[in-house]
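J.: Pasting a structure below so you can have a look.
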Amino acid sequence: DAGKFAAVEVEAHNNSELRRIFLGETAETLEWLRGMGLTFHGPNPEPPNRVPRMHNIVPNAKAYIAAFQAKIIRLKGTIVCSAPVVELVSDGTRIT
């Protein structure tokens, strides 16, 4: 149902190709998040969509931050707060 409900002038600014890619990865993303210990309730109805599709995180959105923080610490990563991102550098397997 994506792309069926926005006003024409709003939909004209959407990137349908990027949306297709994004929506094509949702099942894998949900399983990846569950693999990090996140819990979801759903799918729940999300009108005006025809079928239930909304997966809500339990207990709330702060669980994303806690799970990502725990994974970064477990992988010996560094969390830098209040720092502007100037550039993302990729070496093929990592982004720094």
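Nothing in this text is a laboratory measurement; each read-out follows from the coordinates by a stated rule. Please read these numbers as outputs of a predicted model, since none were measured by experiment. As a convention, Cβ positions derive from the backbone with ideal geometry for all residues, glycine included, and neighbour counts pool all protein chains shown.
J.: Is it possible to state the helix-based mean residue ellipticity at 222 nm for the chain, with each DSSP H run of 4+ residues giving -39500 (n - 2.57), the sum divided by total residues, to the nearest 500 deg cm²/dmol? What is it? It would help to have the intermediate numbers written out before the result.
T.: On the way: 4 runs with 36 residues, N = 96.
Here the helix-only value at 222 nm equals -10500 deg cm²/dmol.
J.: Ordered by packing density, taken as the mean number of other Cβ atoms within 10 Å over each peptide's residues, highest first, how do 16-29, 83-96, 39-52 rank? Intermediate values should be presented prior to the final figure.
T.: Values: 16-29: 10.1, 83-96: 6.4, 39-52: 11.7.
Packing proxy ranking, top to bottom: 39-52, 16-29, 83-96.
J.: Another question, if that's okay. Based on Cβ point charges of +1 for Lys and Arg and -1 for Asp and Glu, what charge dipole magnitude is obtained for the chain about its Cα centre, in debye rounded to the nearest 20?
T.: Working: 11 positive and 10 negative charges, 91 e Å.
Dipole size: approximately 440 debye.
J.: Follow-up. Note down the nm distance, to one decimal, between modelled labels 7 Å out along Cα→Cβ at Val86 and at Asn60.
T.: Output for this residue pair reads 3.6 nm.
J.: Going by Cα centres, the stretch 36-92 and the stretch 1-22 are how many Å apart?
T.: 23
J.: I would also like to ask the following. Computed from these coordinates, which is Kirkwood radius over Cα pairs in Å: [x] 16.6; [y] 15.0; [z] 14.1?
T.: [x]
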